[in-house]
Every structure is written in C-alpha cells, then in structure tokens.
Amino acid sequence: MTQPELDITAAEFPQPETMQDLIHVLRRFGVNIAYWGEGEAKSEDQLLREIQEGESVFRETTAGELMRDVQGVGVDVFYYDPQTGSVYRLREDRQVFKDGRTRSRSHIPESLSEKRKPAETPLEAAERAVREELQIEGELNFRHLGQRLHTRPSVSYPGLNTRHNVDIFGTMISPQQYRSEGYTENRDGLTSYFVWEQFSQDSQKAV
C-alpha cells in the first residue's frame, strides 16, 4: 500500500488538548465517530488519552486527510520446554471491554504490541510491554528482528487512517517466568488474554 505523504510535522499540527479540541479536529476532517465505543472500536476518550500521553499524534497528508501516527513495538515471546524440546510462542487471543464487548486479536502478528511513549527507545518500550502486560519479573534479553511500516484504516478508531512504525523484537523467557495457563492484563477498561501455542520442535528456530 502506498504510504500517504505527510506535508506538515506533528509540531506544526496543533494536537488536541481537550475533548472539545478533539471533536473539532475530527469533524473538520469528516471523521464519523458515531460508532466509536461500539463493537471492536475504542472511544474518543481513549483516543484523547493516547494523544495527551504522546502515544498517538495527529498529522495531515498532502491529500488533506487526517492521519493518526503511532510509533510502536511488537514483541514475540517464546518459551523453550526442556522436557519435550518444544518451543511455544505466546499470542494475544482476545480483548474484552468492561461493557462485555469482545474483539479478536488473532490478526496481531506478534505476541505483544505496544505504543511507544515520548522519548522512549524501542528497546525500552519492548521491555515495558512484557513487564506491564505479562507482569513478568527478572532478567529479560531481547533481539531486534526488524522494522515494519504500514498505513491502514484503524480498527480501534473507524474512519481514521493510522500509520504504524513498528520495531519488532523477540525474547525467550525462563522457566521461572513461564505460566502454562497464559497471562491476563487489565488496563484502560480492557482485559487482554494471552495464550501459548506450539511454535517449533527446534529451539534454534526461535529467538
């Protein structure tokens, strides 16, 4: 997919500071928020929080379209079972909103995905993602596996195109950090469920 060219920097584009500012910008660019907060979509309150925390930034393309810009990381989490010789990969199975809505996360290519905070390096964001989302303590080693840049309509915010610049990492956790039942994270009105799947019989094929 062709990446829309950006004609102004984030610093030159005034970022919304209040809900009134956000609604004004969205209406100005014709973004319909009627169905936000329904189905798999997040709410305008959640988007405003992302902008205020610097995790999402608004930009404008040369075509005059509003673009949400996200700097993020993806982390593949592996576990090697010494008894069977099998390697398992963690995947995010689903998210459940506090009102009971559920959205599948099977389309997420890595185990974890996380937005980078301002002034945070990709490696710092990767480690934070593992520790916060999985509540894992102890030593972690990461391998940088590459970078992915793509632009697509947002599932979280329908009608708003989003450009993702993602650094990809991999990590192999220890037996002490491994939980066979998987992991659960509660944050911002969402409960995320992570489960294990067999990846390979050969640990050399993992990280």
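Annotations
- Checklist (1) assigned to a loop (DSSP other than H, G, I, E, B); (2) at pLDDT below 95 applied to E92, failing item: (1)
- When segment 78-104 is filtered for residues that are farther than 23 Å from E40 by Cβ, surrounded by fewer than 19 Cβ atoms within 10 Å (Cβ to Cβ), out of contact with any Ser or Thr (no Cβ under 8 Å at 6 or more places or on another chain) and not acidic (D, E), the ones remaining, listed by number, are P82, Q83, T84.
- Filter result for the condition that a residue is in contact with an Asp or Glu (Cβ under 8 Å, 6 or more places away or on another chain), acidic (D, E) and touching a residue at least 24 places away in the same chain (Cβ under 8 Å), over D45, D76, D93: D76
- Residues that are of a type in the set (D, E, K, R) and in contact with a strand residue (DSSP E or B) (Cβ under 8 Å, 6 or more places away or on another chain) were ranked within segment 29-57; the one that is nearest to V73 (Cα to Cα) is E55.
- Among the residues of segment 26-43, those identified as closer than 21 Å to R101 by Cβ, buried (at least 18 other Cβ atoms within 10 Å of the Cβ) and not β-branched (V, I, T) are W36, A41, K42.
So that you can scan it fast, the table gives a plain yes or no per residue for (1) in contact with a Cys (Cβ under 9 Å, 6 or more places away or on another chain); (2) buried (at least 18 other Cβ atoms within 10 Å of the Cβ); (3) closer than 28 Å to S56 by Cα; (4) modelled with pLDDT of 95 or more:
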{"residue": "V155", "(1), (2), (3), (4)": "no, no, yes, no"}
{"residue": "T162", "(1), (2), (3), (4)": "no, no, yes, yes"}
{"residue": "Q201", "(1), (2), (3), (4)": "no, no, no, no"}
{"residue": "K205", "(1), (2), (3), (4)": "no, no, no, no"}
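- Some residue of segment 66-77 being among the β-branched types (V, I, T) and within 18 Å of A41 (Cα to Cα): yes
- For H107, the conditions (1) modelled with pLDDT under 90; (2) within 15 Å of Y183 (Cα to Cα); (3) surrounded by fewer than 16 Cβ atoms within 10 Å (Cβ to Cβ) are fulfilled apart from (2).
Here's the yes/no breakdown for (1) in a strand (DSSP E or B); (2) more than 16 Å from H164 (Cβ to Cβ):
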site: I33; (1), (2): no, yes
site: A41; (1), (2): no, yes
site: R49; (1), (2): no, yes
site: F58; (1), (2): yes, no
site: D69; (1), (2): yes, no
site: V75; (1), (2): yes, no
site: F78; (1), (2): yes, yes
site: V96; (1), (2): yes, yes
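- Strands (runs of 3 or more DSSP E) fully within segment 102-190 counting 1 or more residues that are free of Cβ contacts under 8 Å to residues at least 24 places away in the same chain, acidic (D, E) and within 14 Å of L90 (Cβ to Cβ): none
- When residues of segment 150-172 are limited to those that are of a type outside the set (S, T, N, Q) and farther than 19 Å from L26 by Cα, the one farthest from the chain's Cα centre (by Cα): M172
The values are calculated or read from the model by the stated rules, or taken from the named source; none is laboratory data. This is a predicted model, so every value here is computed, not measured. When we count neighbours, we look across all protein chains shown, and the Cβ atoms used for this are built from the backbone with ideal geometry, even at glycine.
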